[in-house]
Amino acid sequence: MLSALDLARRVAAGELTPQGVVDLCAEAINAREAEIGAFATLDLVAARSRAENLAATPLRGLPVGLKDIIDTADLPTTYGTALYAGHQPKSDAALAAMVRRAGGVIIGKTVTTELAHMQPGKTKNPHNGAHTPGGSSSGSAAGVAAGFFPIAIGTQTGGSVIRPAAYCGVAAIKPSFKLLPTVGIKCMSWSLDTPGVFAASVADVAFAMAAITGRDLAVSQGSPAPPRLALVRTHAWREASEAMQQAVEAGAGAAQAAGASVTELVLPPLFEDAFHAQATVQDYEAYRALAWEYDHHRDLLPASLQALLDKAADIPAETYDAARRTARRARNAFGGLMADLDGLITASAPGAAPKSLDTTGMPTFNRLWTLMGTPCVNVPGQVDAAGLPLGIQVIGRFGRDRLALEAGWFVEQALARTN
């Protein structure tokens, strides 16, 4: 993998040019893209040209992979579906413009599942091509893991940033809701859709977030203060594999041994209700967000999405409104639970990436936190007996993204010392 932080430092020191970084990416792409299939669209020549004179920008001209549901004026945006084959937006999405203004070079559009739902694209897991890379931000996670680019952007409605990051062994953040804009991004659920950032390590993710947003989010200066953490198993703990359960407990143990305060927290029943409310909110809004596709091209949609929208058509407004009220109560309660904590530790996924290219895995350990709108950080660094990555998740308080990144960085460093 390519460290965004290390590459930025080398560019700033004059040891490497932004064009040289594009060349490093091109070398990795030429070696493995045919095998992995992370890109929907790729333009290395244009990327190298755009990298000129960007060495002094916040992102130092580093290449960025952008999920193919995020509009770009200079590259097609097909939303992963033949319905939009060749679609060329007239303008950049707000987030694409932010990346460019920060000095990032959009090297290509990364593969998404169809319309960011569950129908897998062509991407394979770089660690083992027989296993899923996760989704829906498949190409973004796999591309970082394969060294195709040091930074990538994805989106999450259920678990589409954290889960693929865990499966591919990279770091990622799903930040606080609305910290990154969704204007110009193909929407599935306006109450849930959240753009996120992938990179090699938590410090790399924090660097990218700081550069793109202009906020004080970088965590690579000095040593992080020991955080106050709580291990949370959630109502779905039994659905986590033994290896994943051990990984979460190992992360908590390593953090405690490194000086963190670690307790255990049992969530009240309200949070299981909120977990189920997430699906209601998502599906009700998807039926409306994808109204044109469903009403005019239903038979061309993947079977799984057809079934979801068919069922969602029958959700009464009263049921949706009740789910939103449940979400609001849970968010208020979560603030109280986190009053004396900097973060929670839990699973990022039920286990390692499933051995199948017909699934992207399950968002069992992501749905609740997406509904809460809180920052979630995937911390890589552990593997199962087969050598496949296992990611653990640090959950922060809403609006305290730096604290979440610092806690994730602390856990990542603590785990590294145990290996």
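Quick look at the numbers
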{"read-out": "Among the candidates Pro268, Pro227, residue that is touching a residue at least 24 places away in the same chain (Cβ under 8 Å) and crowded, with 17+ Cβ neighbours inside 10 Å", "value": "Pro227"}
{"read-out": "Residue within the range 384-396 that is over 18 Å from Pro164 (Cα atoms), in contact (Cβ under 8 Å) with a residue 24 or more places away in the chain and either in contact with an Asp or Glu (Cβ under 9 Å, 6 or more places away or on another chain) or surrounded by 24 or more Cβ atoms within 10 Å (Cβ to Cβ) (or both) present", "value": "yes"}
{"read-out": "Matching residues, the range 166-180, being assigned to a loop (DSSP other than H, G, I, E, B), crowded, with 20+ Cβ neighbours inside 10 Å and of a type outside the set (Ser, Thr, Tyr)", "value": "Gly169, Val170, Pro175, Phe177, Leu179, Leu180"}
{"read-out": "Where Thr72 falls short, out of the listed (1) in a loop (DSSP other than H, G, I, E, B); (2) free of Cβ contacts under 8 Å to residues at least 40 places away in the same chain; (3) surrounded by fewer than 23 Cβ atoms within 10 Å (Cβ to Cβ)", "value": "(3)"}
{"read-out": "Residue among Gly343, Gly335 that alone is out of contact with any Ser or Thr (no Cβ under 7 Å at 6 or more places or on another chain), small (Gly, Ala, Ser), surrounded by fewer than 18 Cβ atoms within 10 Å (Cβ to Cβ) and touching a residue at least 60 places away in the same chain (Cβ under 8 Å)", "value": "Gly335"}
{"read-out": "Positions within the range 75-110 being free of Cβ contacts under 8 Å to residues at least 40 places away in the same chain, closer than 25 Å to Leu7 by Cα and of a type in the set (Lys, Arg), in sequence order", "value": "Arg100, Arg101"}
{"read-out": "Test: residue in the range 336-351 that is in a helix (DSSP H, G or I) and closer than 23 Å to Leu267 by Cα", "value": "yes"}
{"read-out": "Filter result for the condition that a residue is among the β-branched types (Val, Ile, Thr) and under 25 Å from Ala171 (Cα atoms), over Val45, Val64", "value": "Val64"}
{"read-out": "Which listed residue is in a helix (DSSP H, G or I), in contact with a helix residue (DSSP H, G or I) (Cβ under 6 Å, 6 or more places away or on another chain) and free of Cβ contacts under 8 Å to residues at least 24 places away in the same chain, from Tyr284, Tyr294, Tyr320", "value": "Tyr294"}
{"read-out": "Count of residues meeting criterion [in contact (Cβ under 8 Å) with a residue 12 or more places away in the chain, part of a helix (DSSP H, G or I) and not polar (S, T, N, Q)] in the range 11-45", "value": "16"}
{"read-out": "Whichever residue in the range 49-69 is touching a residue at least 60 places away in the same chain (Cβ under 8 Å), part of a loop (DSSP other than H, G, I, E, B) and in contact with a Lys or Arg (Cβ under 8 Å, 6 or more places away or on another chain) and, among such residues, is nearest to Gly20 (Cα to Cα)", "value": "Asp68"}
{"read-out": "Conditions (1) buried (at least 17 other Cβ atoms within 10 Å of the Cβ); (2) free of Cβ contacts under 8 Å to residues at least 40 places away in the same chain; (3) farther than 29 Å from Pro120 by Cβ; (4) not hydrophobic (A, V, I, L, M, F, W, C): number failed by Thr326", "value": "(2)"}
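Computed from the coordinates by the stated procedures, all read-outs in this text should not be read as laboratory data. Because the structure is predicted, anything quoted here is derived from the model rather than measured. Neighbour counts are summed over all protein chains in view; Cβ atoms, including those assigned to glycine, are modelled from backbone coordinates with ideal geometry.
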